[in-house]
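First up is the structure itself, then whatever we jot down about it.
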Amino acid sequence: MTEPTPPPRRPLATFLRASTEDTPAVEATRTLPEPDAAVRPDDAGTELQDTGREPEAALEDAHSAEAEAVADAAPLGGVDTHDGIDDASAPAEPDHDAATPADEPGASPAPSFLRLPGARLPTPRWQWGLVAGLVVLLSLQIAVADRARLAADAGSRPWIAGLCGVLRCSLPAWQEPTAFNMISRDVRPVPGQPGALQVQASFRNDARWAQAWPSLRLSLSDPDGRVIGTSVFAPRDYLDPAADAAALLEPGQSAQIAFRVREPAASTVAFTFEFL
């Protein structure tokens, strides 16, 4: 008895092509890369031919593999499985942790109006030097303008004198009347001139600096010690007309003076000198 010849089997590719046309395509928002897990038709057909599985079972395996590949790749494409809204269309939230271009090593510095108030550039050294020079210049101007008062103080006169020696400015003469020391003194009547007295004195400048000629106060007293007359004599009154009254007496220099005065009363017996 002859066995009936089985009908020819259709190739696997024909079943896959028909199933693909009959099955609705899965919608995706963007083109997905072919997953490695998806089984290609040619490879599936080869495996089915090699294993000898039935066409219907192979078709079901292909459909399930394709569905799994689409399900695995859908989250990568940005499809939201809950409400079907594409996350790619939603506005992206700013990433605060991302580095700005100004934070990069090779980035150029931001403009001055974009910098924070606390971020200030260091002050150049030449500006500090300029400020120091201006302060010194202002101090010198104040010292020169107030040199008369500074020169009257024994503590500040040395350095103000040195400053004026460099700047070629003049200083007033030192005034210390108590530094004049009387060496000798004498008051006598002028012969042949009743009521006239001849005054002679010698004194020395014991101050540290040169002084101008002092003013001299002469007081006359009677036998009871009462002052019967006093008068103050300026340098031009007791110096010789040929002498320079504006000259200075250097430290340790001595001077002799002589002049005449009118006696206020005939009872003069004592006299005193005082430097002003």
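CYS164 satisfies every condition listed in (1) part of a strand (DSSP E or B); (2) crowded, with 16+ Cβ neighbours inside 10 Å except (1).
Within the set SER156, SER170, SER184, SER202, the sole residue that is touching a strand residue (DSSP E or B) at 6+ places or on another chain (Cβ under 6 Å) and either free of Cβ contacts under 8 Å to residues at least 24 places away in the same chain or buried (at least 17 other Cβ atoms within 10 Å of the Cβ) (or both) turns out to be SER184.
Residues checked against (1) out of contact with any Cys (no Cβ under 8 Å at 6 or more places or on another chain); (2) part of a loop (DSSP other than H, G, I, E, B); (3) farther than 17 Å from GLU176 by Cα:
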position: ALA201; (1), (2), (3): yes, no, yes
position: PRO214; (1), (2), (3): yes, yes, no
position: LEU218; (1), (2), (3): yes, no, yes
position: GLY229; (1), (2), (3): yes, no, yes
position: ALA246; (1), (2), (3): yes, yes, no
position: PRO251; (1), (2), (3): yes, yes, no
position: ALA255; (1), (2), (3): yes, no, no
position: ARG260; (1), (2), (3): yes, no, yes
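Of all the residues in segment 240-268, those that are modelled with pLDDT under 90 and surrounded by 12 or more Cβ atoms within 10 Å (Cβ to Cβ) number 6.
The values are calculated or read from the model by the stated rules, or taken from the named source; none is laboratory data. As the structure is a computational prediction, the values presented were derived from the model and not from experiment. Don't worry about glycine lacking a Cβ; one is built from the backbone with ideal geometry, like all the others, and counts go over all protein chains shown.
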